[in-house]
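Structure first, then comments.
The values are calculated or read from the model by the stated rules, or taken from the named source; none is laboratory data. Source: prediction; values computed, not measured. FYI the Cβ positions are ideal-geometry reconstructions off the backbone, even for glycines, and counts take in every protein chain you see.
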């Protein structure tokens, strides 16, 4: 077995991590209460719209429209900006609880609390100081602040996927049902989180098969019953080109500037996808030995697969607002560990992927710093696009390295007590 250089020499920092995060979140909430959203989010060069909490309001306005007998996916006159409702029908169940636009702030706060809960829960007991600092750099970045400012429901999806990581590793009797339920609930809220089922790969073969089949069965039933709804939601979802990542972002931007080069941009994007797939396949079949990280910290590996699959999956689908980068927070501890690997190629790819990911989180800050420089704005946009592609290709390569030993040989059940303190949430 190769020495991948993953054995941590540091003591567990999970208790300190939770304390620091709790203090940071409470401090942020106090700052927001005292100074107001305009000043607080202005620190990250984010403009607060009026009325505020635009993403949460997209849900509450859709609920209002549905309650009055309208079809918010087709037309949503209740929305202040007349945006079409682009979420699954699950959210419209809130109309039975009397929800309306006056509850937008409360809904946004609930989403933010769910995100904070997820951040406190997912790191393993082997968390290092460097990993913690990297995660904090992502949490307090413009990308995540964009989600909090708008009250985006990706925040609650983050909390659910953090729960799924927790239950995947747990050995409690209820864990199998809870892990599948967590991912399925996230799917019901936004569809794309179904790819987070890749985290099941850390399980022994039998458990992996049972949970995947169970989840696939529930998803298949929903898709067959609601396929028209899914198509309508996809059609109502806008294709973002500003502060976004994804396979088609550059295509969308260049099409607006010069339609003549749209075809070239599309071809280049598919070449990039082909490169990522080729690297994934080559790394999957090349690395037959079991990385020490897979044996010693399944929690971190599970979190990596969860976050990386969400990023890569949404990247392939098309355009995504930068707030969805928050799911890369799951991948950061593993990337930091890979940066300490003994094999140079692993270390280089991990370092480039980590740096590119952090730069993507802070794209708006970089853009603001360069916008007064001649061509600075264009350069920052091009740099962000490059970083997004580096992160996508790098994560695809590293996922192949991790999935190879997990899927190609039987692995004994993880020792949950050794990996993470029992939080009692099972």
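Restricting attention to the stretch 120-136 and to residues that are assigned to a helix (DSSP H, G or I) and out of contact with any helix residue (DSSP H, G or I) (no Cβ under 6 Å at 6 or more places or on another chain), the residue that is farthest from residue 53 (Cα to Cα) turns out to be 129.
Scoring residue 82 on the criteria (1) in a loop (DSSP other than H, G, I, E, B); (2) surrounded by 13 or more Cβ atoms within 10 Å (Cβ to Cβ) leaves a single failure, condition (2). Looking across the stretch 41-65 at every residue that is out of contact with any helix residue (DSSP H, G or I) (no Cβ under 8 Å at 6 or more places or on another chain) and assigned to a helix (DSSP H, G or I), the one that is nearest to residue 189 (Cα to Cα) is identified as 58.
For the stretch 55-78, taking the residues that are modelled with pLDDT under 95 and within 26 Å of residue 322 (Cβ to Cβ), the one that is nearest to the chain's Cα centre (by Cα) is identified as 73. Where helices (runs of 4 or more DSSP H) fall wholly inside the stretch 245-307, the ranges with 1 or more residues that are modelled with pLDDT of 80 or more are 249-257, 262-286. Scanning the stretch 37-50 for residues that are under 17 Å from residue 80 (Cβ atoms) and surrounded by 13 or more Cβ atoms within 10 Å (Cβ to Cβ) yields 37, 48, 49.
Taking the criterion of being over 18 Å from the mean Cα position of the chain (by Cα) and either surrounded by 22 or more Cβ atoms within 10 Å (Cβ to Cβ) or assigned to a helix (DSSP H, G or I) (or both), the residues of the stretch 233-244 that qualify are 233, 234, 235, 236.
If I filter the stretch 66-78 for residues that are closer than 25 Å to residue 140 by Cβ, in a helix (DSSP H, G or I) and out of contact with any strand residue (DSSP E or B) (no Cβ under 8 Å at 6 or more places or on another chain), do I get at least one hit?
First, pick out the residues of the stretch 66-78 that are closer than 25 Å to residue 140 by Cβ: none.
No - not one qualifying residue is present in the stretch 66-78.
I'm trying to understand the selection: among the residues of the stretch 339-350, which are part of a helix (DSSP H, G or I) and crowded, with 17+ Cβ neighbours inside 10 Å?
Filtering the stretch 339-350 down to residues part of a helix (DSSP H, G or I) leaves 344-350.
Passing the criteria: 346, 349, 350.
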